[in-house]
Structures are given as structure tokens and as C-alpha cells.
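The values are calculated or read from the model by the stated rules, or taken from the named source; none is laboratory data. Computed from a predicted model, the values in this text were never measured in an experiment. As a convention, Cβ positions derive from the backbone with ideal geometry for all residues, glycine included, and neighbour counts pool all protein chains shown. Side chains included, ligands, DNA and RNA excluded: accessible areas come from the protein's heavy atoms. Shrake-Rupley method; radii C 1.70, N 1.55, O 1.52, S 1.80 Å.
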Amino acid sequence: MMNMNLRKIVIGALIYLIWSVLIGYFVIYLISWALVIAALVAGIYTGFRIKTSEALQNGFAAGFIGGIILGVVSLFVPSIYGIPLSIPIIGFLIPFNIPTTISWVVIPILSLVGAAFAMLGATLGSITKLRKLFLFLTLFTLFLFYAALDNVAWWWGRASWTWSISHVLTHWVDITVSLGFAFFVIILAHILKIY
Amino acid sequence: MEEGLDYLKIIYSALIYSICSILIGYFILDLAPYAAILAALGAGIYAGHKSKAITGITHGLIAGIIGGIITGITSIYVKNIAGIPLSISVTNLIIPIISSVSPTSSLFSTTALVLIGLFFGAIGGLMGSIKKLRGVFLFLTLFLLFIIFGAVDNAAWNIMEPDWTWNISFSHVLTNPIDLFVAIMFAFIVTILAYVMSLF
């Protein structure tokens, strides 16, 4: 019997959509991995605190629906403030020699990638012992987004500011510090028995 | 049945008070006058987390006293780190309140830190024990995490500069009101998101 949590699926699909757009827009160094990271996070959320069999169904649905929405968004919103909203599709597809022109063909690819990695994430999320992975991945992306927002805020007031700076908003320094800090916080949370 | 004291929690809370107030006092000049209060509240909320109200208050109170003594002693023996003064916010906090008090008085600083820790630790302990206020705990934790992350990230960027030296008093420009504003807004958004997603 299908026992899916619709609210979790909807939120999971939105996480996949928003996370991949944010990473694709702000973090050029992670552009090839944005889809995978977004789908994993969405999947881990949908599988959080439920049985593995249900988690797999939730993850599949969230990744599939999120992929369709993402594909449609990429077709109708090609750019924001003149900067291409590549939504990591191109970055992800280039290594596989797949044509990178954004078209309807992209939608099934996004759905399948989303469903596959969201199912993997959901399995991870449903395993109690692996929940720290959820915290780590969430903290890593949160720190990265905070760094991007903070950089935007800093650049905003400058006379030389243009939106084209957005693709250098995060640098490998930010990524390294985010990874290190997220790992440090995980260790602290473990010692303090918060999680 | 009476709930016993969790001594491990008290020790961790005291360390949180001590370390957070030093980190904020060292890195975040804009928050220096509030560093001891913020740190004591954070430590208290942790001390009262998943405990009964009376136990939470007791945990916070004891942690505040121990943490205040540790921070006071640290400020006496470690005047600066890499040439940059370790103000631990006490001086900044006291000067506007009692202008006649000598900020260099170590004994006075330690007493002030203990009193701040005791009072705000107990309030934090009470807040932490109230289940409905756990969003406040998350917000405060995220805010502190973001702001300290911002400082570390800025430090990493500064270290990359070719003319970098520890002698310049960069530490007090590591964060500014923009970082604080972004950290507050982002912590607020994430807390709302966590609430919508029923994560706490």
C-alpha cells in the first residue's frame, strides 16, 4: 500500500528546485554538482524519521516532481537580471557529452536525476545512524548561501557593482571554510548531544 | 520525582559561555557590548534544553557562575592573542553603565562576568526548558553560527592577501553591521523554514 506523505513530497520537491537554482545561480564552483547536492538534500528530508520503504517512495516522488518544475522554470526563466539561470543543467551535462541547449529534453533528465539521487538521499535520511549526514549537508549549504548573501550585501553599496559579479560571489575559500565549519559544528553537536 | 542535576551539561554550558563570549569579544566589535549577555543566554538555553524549568534555571545559574570565573581568569592571564586585545566585552559593557568604574579592574571584571552569567544563564535555562520557545534556541544558535562563520570566512579571505600580517588589527573589522544584518535575516529565514518543515 502506498503510504506517502504529500506535505513532505511537496516540500522535498521545492527543496530540490530552490536549492539547485540557488547553487546554480550563486556558486559556480559547485555548478556540476548542484543537481546532485540539491536532490540528495531533498531526499534526506523526505526520508527523515520514516521507514526506508516509505522514504524511497517519498524521495522518488519529490525528485520526479521537482525535476519537472525545475525543467519548466529553466524553459520560461532563462535569466535573472541578465545573468543566465543555468540551473546547473549545462554544467552537469557537459561531462556526458549531452547537447546542452536548454529545451524540453532537459525535463526528463532533471526528473530522472532528481528521482535517482532523492531516492538515495531518502534511504540515507531514513537510517537513524546517518542523520548526521543530513545535518552536515544542510549546514554546508546554509553556510555557503550565507556567504553568498553576505558577499552580495557587501558588493551592493559599491559604485562598481553590477549583477554580473554574481558568479564570483563564492570562491573556493568560501567552500573550504563552509566544509570545515560544518564539520566542526557536527562534531560539537555530537559532543553536546544536541542531535 | 525530582530531576537530578546534569553535571556534564553544566560543564559544557560553562564552556559555551566562556568560549562564545571570547569569540564574540575578539571577532565581532559591533556585538562586543552584548557578547557576555548573548553567550550567557546561549549557554543557559543549552543548559535548560529538554529539562524541567527548575532544573534548567539551576543548570543555567551554576553554568553562568563557573563560566564567569573561567572567562574572568582567562582575561587576567591572556591579555591578548597575536597582539590583538582580548577584550571579552566586559569593558565595553561596563563603561556605558558605570563610567566611574575602572575597566582595568580584573576582580571587578570577573565579578561582573559571574553576575551576567548567573542572571542571563538562569533566564536562558528557563527559556531552553520551555518547549514552545525552542525556535528561539535555534534562531540564536544559527545567528551565532553564521556570524562566527562570517568572521572565519573573512579571516580566510584576508589571509589570502599577499600583504597579510597578524599585527594589523584586522580582527576588529572582520565583521561589520552588514554581516550582522545578513546573519540575523538569514537565521530568521532558516528558523521559519525549519518550523514550516516541522524539523523541531
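Annotations for the structure displayed:
- Residue pairs meeting the criteria (Cβ under 9 Å; at least 6 apart or on separate chains; first at the interface with chain B (Cβ under 8 Å from one of its Cβ atoms) and without any contact (Cβ under 8 Å) to a residue 60 or more places away in the chain, in region A:177-193; second in a loop (DSSP other than H, G, I, E, B) and surrounded by 15 or more Cβ atoms within 10 Å (Cβ to Cβ)): A:178/A:170
- Some residue of region B:28-49 being away from chain A (no Cβ under 14 Å), under 16 Å from residue B:143 (Cβ atoms), without any contact (Cβ under 8 Å) to a residue 60 or more places away in the chain and surrounded by fewer than 23 Cβ atoms within 10 Å (Cβ to Cβ): yes
- When residues in region B:16-36 are screened for being of a type in the set (A, V, I, L, M, F, W, C) and out of contact with any Gly (no Cβ under 7 Å at 6 or more places or on another chain), 9 of them pass.
- Residue list for region A:126-154, filter: at pLDDT 85 or above, within 14 Å of another protein chain (Cβ to nearest Cβ) and closer than 25 Å to residue A:54 by Cα: A:136
- Residues of region A:22-78 that turn out to be touching a Pro at 6+ places or on another chain (Cβ under 6 Å) and open to solvent by less than 10 Å² (accessible area, probe 1.4 Å), as a count: 3
- The sole residue among B:199, B:145 that is within 30 Å of residue A:44 (Cβ to Cβ), at pLDDT below 80 and facing another protein chain (nearest Cβ under 9 Å) is B:199.
- Members of region B:68-90 that are among the hydroxyl-bearing types (Ser, Thr, Tyr), at pLDDT 70 or above and outside any helix (DSSP H, G or I): none
- Here residue A:157 meets each of (1) within 11 Å of another protein chain (Cβ to nearest Cβ); (2) surrounded by 16 or more Cβ atoms within 10 Å (Cβ to Cβ); (3) modelled with pLDDT under 85 with one exception, condition (2).
- Tally, over region B:8-43, of residues that are assigned to a helix (DSSP H, G or I) and over 14 Å from residue A:192 (Cβ atoms): 21
- Residue in region A:70-83 that is touching a His at 6+ places or on another chain (Cβ under 8 Å) and outside any helix (DSSP H, G or I) present: yes
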